[in-house]
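Okay, structure first, notes after.
Throughout, read-outs are computed from the coordinates displayed, never taken from laboratory work. What you see is a predicted model, and the numbers here were worked out from it, not measured in a lab. With ideal geometry, Cβ positions are generated from the backbone for all residues, glycine too; neighbour counts draw on all protein chains shown.
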Amino acid sequence: MDDWIDPETISRNRLPPHVDVLPYPDRETALADDRTASRWFTSLNGRWQFDLAPTPSDAPDGFADPAFDAADWDRIEVPLNWQVAGHGNPHYTNVVYPFPVDPPNVPTENPTASYRRTFYVDDDWTERQVRLHFEGVDSAFHLWVNGEPVGYSEGARLPSEFDVSEYVHAGENTIAVRVYKWSNGSYLEDQDMWWLSGIFRDTYAYAVPEIHVADIDARTELDDEYVDGVLRADVSVANGGNANETVTVDAELRDPDGDSVVEFESTTAVDAGESETVTLEADVENPELWTAETPNCYDLLLSVRDEQGSVTEVVAETVGFREVEIEDGIFRVNGEPVTIRGVNRHDFHPDRGRAVPLDAMREDIELMKRHNINAVRTAHYPNDTRFYDLCDEYGLYVVDETDIECHGLEFAPETPHLSDASEWKATYVDRMIRMVERDKNHPSVVVWSLGNESDFGSNHVAMAEETRERDPTRPIHYEPDEEQDVSDIVGPMYPPWDQLEAWAAEDEYEHPVILCEYAHAMGNGPGNLQEYWDLFYEHDRLQGGFVWDWLDQGLRRTTDDGEEWFAYGGDFGDEPNDANFNINGLVFPDREPSPGLIEYKKVIEPVALSAADLERGEVTVENGYDFRSLAHLRADWRVEADGRVVESGAFELPDVDPGESEIVSLPFDADEYDDEAEYLLTIDVSLAEDTRWASAGHTVATGQFELPTGGSPTEPSAEVAPLACEATDDGIVVSNVHFELVFDETAGAIDSMRYRGRELVTEGPTVGLWRAPTDNDRGLPLSRTLLSRMTAAAAGDGQIDEGDVHTIGFAQLWREHGLDGLQFRADSVEYEVSGDERVEISVEGRLAPPIFDHGFAVEQEYTVADTGAVEIETELEPEGDLSGLPSLPRVGLDLTLPAAFDRVSWYGRGPDESYVDSKRASLVGRYERDVDDLHTPYVRPQANGNRTDVRWAAITDQQGVGLYVSGESPLNVTAHRYTRADLEAADHVHEVPRRDEVSVSLDAAHCGLGTGSCGPETLEPYRVEPTTYEFTIELRPYVEE
């Protein structure tokens, strides 16, 4: 059986896993954190010769021979996935395997890449042992050096290292690698992501002396008070020579400032060809502890001396003094309960696939820190090793998840599950241990995860046993282990609310609840984040979770005319596919934050501000950090009248411990404010000094409160002139010297509205209920076997389970009820003139879809004032059976404005979009944007750009002339240069046309977002129940003052 098919052939000649220990000539170089500074390190990244064959048997024979002529081969950059380099196509699936399921067999059509390059070996390397190291190769590969076979490895997202000392020589050497797209390992690599292949992580060579450090296991223990610590380092020293040696290992620990804390040493004898473990132990008084809030990193320097006292190498390892434990059912770091404000993260880049540059990793982490995120789950495989270095440095808790997911086996009911198959046990354990051994010294790694969505079987038990034997200091997580047979954490995915509440209600428990996935951030969303965090904050056992997920996995493309767009499943002809289900991140593919990330930052902010006694200027400040005081922050306040600042200042935050609060008084007197404006108090808490991840002044938390004085927002002045009204062939004409309105009696709607000779409205307003469905409206994609199971259920051979019903989204029900095709019929139009001050036009009609007899009775009263203002009172009364509708999309008015009206100013929540269940981050204020800037560029077009709690909005041309809108109650407002139909017709943002006219929606009610694409649908308080609605909206001509 071929190596890449045999599940029991995990590797050939691969070295045992270990931490990244690279040799340096001296301590200064070792501390530089630059591996290229070592003369015993050579990067093999760069241009390789490349050939892609359709099958392994079609791959060129003899290609590993240095004399092989590959001059006409393509060139490919390493690291990079070959599909993003234009060789074959990317393929996206969420759950299913894109090949016939018959483990361990893979398709005959198994694209096979041959890579070649040369590298130079200096003379002094020939006296040392030379290693070739591959950080990640997808899916499996064979290695040759100078034409000689060296070894084989699989496990795509795990390192592979080979001793090539006997194969290399001084001068130029040839490396050849053959990579197989499909292997038996592909059955364990069915993660929700693109199937991408090749050498996609760093590759390098390095040379160690005969006597060298092979591995380091550095652990810290804290005393019962978590004050003093002990550093214990088990150092594996290998002797690759032919003679026995006595070796001394000198250790020095340096603190975060670079000062030496302690020096210690140990000597041991190491026989030729063997290795020995040297144990180094030192007491450290009052070390600076590592947490995500205080990422204090120490450097452990190890110098190896031979019997003559010569230093043969120096290696460096990061150490963080911290202790992780679960005590009384609570997850603790350094004895303190911690709150997990986390995200799931794929290694992904829109141009390079899973070959993620270091700068992009750093950008990810800095974005996370700037948005109050403190934890990452490496979903669903070990991330690039450099990412963990950054997590140590910046401060993020890491749930380190191994490279196992065989989710697609749920569609193979006759196949014995691999998680219980003895012939797969070794590869399960191997994948776990390679991760543990690589990452064990990272203080940021606080939990090990056995993988993802691979059922639960005996192989997981074996993985857990082996992990605990090697590292008893960290808890283990595995979501499918619902009985906690091996998992120390209840780590559910997308649990229903009643389940969360049930866990919280348990009086006795051994395991904390930390959601490994929740708040599915697909498209426009997630909604109702605040409700999750209200529960987390209320119950000690509920310790947070990881939003799914961090980054949209869209691959960047450009149109022929240079317009950028991002591809998802199916865009490359990849079948089967799961469309845009990989577009579910808090940041867009180019790493621009989405509105969902802005909302998440607000909801999880570590400083909570609440009203104490606003009449007295008193506000409660609560320290939401787990370890820090508030001394690193500053606070500013301002009072605004209708969005304009009337008073402001700074104040000192209280010196309160984590979890504690104190009332502060602000120096304003609310009694002095009049009642002719709305007064709001806004507080901004920001960094007092620069940090590694943000500059001084960066906002960490905000608070906003309506003061108990004042009144409603003031309205703009208006020109008053006597009204005239007449019935004409064109309709009812109401006018004065400045203004003219023509009302179409047949349609029961405004036909024209002009001010100073300019058209203000080109269409509408008409009653509108529809929105272009969001991904969360569409629900979870229907199961591929739903129809078969429905047929079986009808025949009495099965049943439809509850999960199938949950896949039905709001949008399907909306369409089923015809809400996307409503038609209005005007039954009666009457008007009444009240002197020269007011004209009232009454309309009765019905709004209903084709096919069905349900609909809505509509009554509208248009009151035209002598200012030109048009007040529209609307009553909507449901008719027929609408009981199957969980919510309406929205209730409001739609209108279209001329092209020149391209500026929108408003007083309401902003500046970014917001929805009723996702608006905490959007503070009330005065904002102004061009219409184009109100668009949010979701990768798959959908409803976007809503602004909530809008007191008024003015939509004008560049001279400030236009339409002013307001409501009896605050409105939801959108304005775009495209229609809802345009959004629905487009699969990608570049397909949305830019129309001349401006489409505006003014809503009295607008359905929330929820997380129905995978998780709870929109919560009931945020739905628009199909019931009677009465609302009033006013339109008036406007000239900016």
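Taking the Cα atoms of the range 11-208, the ratio Rg/Rh between the radius of gyration and the Kirkwood radius comes to 0.98.
Dipole of the range 589-669 computed with +1 at Lys/Arg Cβ and -1 at Asp/Glu Cβ about the Cα centre; of Tyr600, Val639, Leu614, farthest Cα towards the positive end is Tyr600.
A simple spin-label model places the labels of Val833 and Tyr120 9.7 nm from each other, with each point 7 Å out along Cα-to-Cβ. Rounded to the nearest 20 debye, the dipole magnitude of the range 11-208 is 200 debye, with +1 charges on Lys and Arg beta carbons, -1 on Asp and Glu beta carbons, and the Cα centre as origin.
Over the residues of the chain, the helix contribution to mean residue ellipticity at 222 nm works out to -3000 deg cm²/dmol, using -39500 (n - 2.57) for each DSSP H run of at least 4. Here the calculated FRET efficiency for Arg756 and Asp730, from their Cβ-Cβ distance with R0 = 25 Å, stands at 0.80, rounded to the nearest 0.05.
With +1 on the Cβ of every Lys and Arg and -1 on the Cβ of every Asp and Glu, and nothing else charged, how large is the dipole of the chain about its Cα centre, in debye rounded to the nearest 20?
Working: 77 positive and 215 negative charges, 553 e Å.
With Lys and Arg at +1 and Asp and Glu at -1, about 2660 debye.
Using only the Cα atoms of the range 606-710, construct the convex hull and provide its projected area averaged over every direction, in square nanometres to one decimal. Intermediate values should be presented prior to the final figure.
Values: hull surface 25.6 nm².
Result: a mean projected hull area of 6.4 nm².
For the range 211-324, just run the numbers: alpha carbon Rg, then divide by 2.2 N^0.38 Å, N being how many residues it has. Provide the component values of the computation, followed by the final result.
Numbers: Rg = 15.1 Å, N = 114, 2.2 N^0.38 = 13.3 Å.
Cα Rg divided by the expected 2.2 N^0.38 Å: 1.14.
The convex hull defined by the C-alpha atoms of the range 172-226 has an orientation-averaged projected area of 9.4 nm².
Can you give me the orientation-averaged projected area of the convex hull built on the Cα atoms of the chain, in nm²? Mind showing how you got there, number by number?
Working: hull surface 185.7 nm².
That works out to 46.4 nm², a quarter of the Cα hull's surface.
If you sort the three axes of the alpha carbon gyration tensor as a ≥ b ≥ c, you get a/c of 1.5 or more for the range 531-684 and a/b above b/c, which makes it prolate. Ignoring aspartates and glutamates fewer than eight residues from Lys425 along the same chain, the ones with Cα atoms less than 15 angstrom from its Cα are Asp6, Glu8, Glu154, Asp403, Glu405, Asp455, Glu465, Glu466.
For a test of the definition: using alpha carbon positions, the gyration tensor, and the 1.5 limit on a/c, classify the range 694-813 as rounded, prolate or oblate. Mind dumping the intermediate values first?
Working: a/c = 3.95, a/b = 1.60, b/c = 2.47.
It comes out oblate by the Cα gyration axes.
By a straight-distance test (C-alpha under 17 Å), which lysines pair with Lys601 as possible cross-link partners, with residues fewer than eight away in the same chain excluded? Candidates past the 8-residue exclusion: Lys369, Lys919. With contacts taken as Cα pairs under 8 Å at a separation of at least 6 residues, the range 211-324 carries a relative contact order of 30 percent.
What ranking of Ile663, Ile433, Ile489, Ile851 emerges when the number of other C-beta atoms within 10 Å of each C-beta is taken as an exposure proxy, fewest first?
On the way: Ile663 13, Ile433 20, Ile489 23, Ile851 9.
Least crowded to most crowded, the residues run Ile851, Ile663, Ile433, Ile489.
Scaled against the 2.2 N^0.38 Å expected of a compact globular protein of N residues, the Cα radius of gyration of the range 1-57 reads 1.77. Mean separation of Cα pairs under 8 Å and 6 or more residues apart, divided by the residue count, gives the range 543-671 a relative contact order of 19 percent. Need one word for the range 275-315: rounded, prolate or oblate. Basis is the Cα gyration tensor (sqrt eigenvalues a ≥ b ≥ c); a/c below 1.5 gives rounded, then a/b vs b/c decides. Judged from the Cα gyration tensor, the range 275-315 comes out prolate (a/c at least 1.5, a/b above b/c).
Computed from phi, the 3J(HN,Hα) profile of the range 163-178 under the Karplus parametrisation 6.51, -1.76, 1.60 (θ = phi - 60°) reads 8, 10, 4, 7, 9, 9, 9, 4, x, 7, 10, 10, 9, 10, 10, 10 Hz, with x in place of Gly and Pro.
Between Met790 and Arg926, what FRET efficiency comes out of the Förster formula 1/(1 + (r/R0)^6) with R0 = 60 Å and r the beta carbon distance, rounded to 0.05?
Details: r = 54 Å, r/R0 = 0.90.
Rounded to the nearest 0.05, the efficiency is 0.65.
Over the range 335-419, what relative contact order in percent results from Cα pairs under 8 Å that are six or more residues apart? It would help to have the intermediate numbers written out before the result.
On the way: 89 pairs, mean separation 23.7, N = 85.
Normalised by residue count, the contact order of the range 335-419 is 28 percent.
Projecting the Cα atoms of Thr312, Val227, Pro256 onto the dipole axis of the range 211-324, where Lys and Arg carry +1 and Asp and Glu carry -1 at the beta carbon, places Thr312 farthest toward the positive end.
Of the Cα atoms belonging to the range 331-602, the radius of gyration and Dmax stand at 18.7, 63 Å. Of the residues Ser57, Asn173, Phe68, the one whose Cα sits farthest toward the positive end of the charge dipole of the range 11-208, with +1 on the Cβ of Lys and Arg and -1 on the Cβ of Asp and Glu, is Ser57. One equal scatterer on each Cα of the range 58-139, no solvent, Debye formula: the resulting log10 I(q)/I(0) at q = 0.23, 0.27 Å⁻¹ is -1.38, -1.48. For the range 342-399, the normalised intensity computed at q = 0.14, 0.17, 0.21, 0.29 Å⁻¹ comes to -0.32, -0.48, -0.74, -1.42 (log10 of I(q)/I(0), Debye sum over alpha carbons, equal scatterers, no solvent). A Cβ-based charge dipole, computed about the Cα centre of the range 290-435 with Lys and Arg at +1 and Asp and Glu at -1, lands at about 360 debye.
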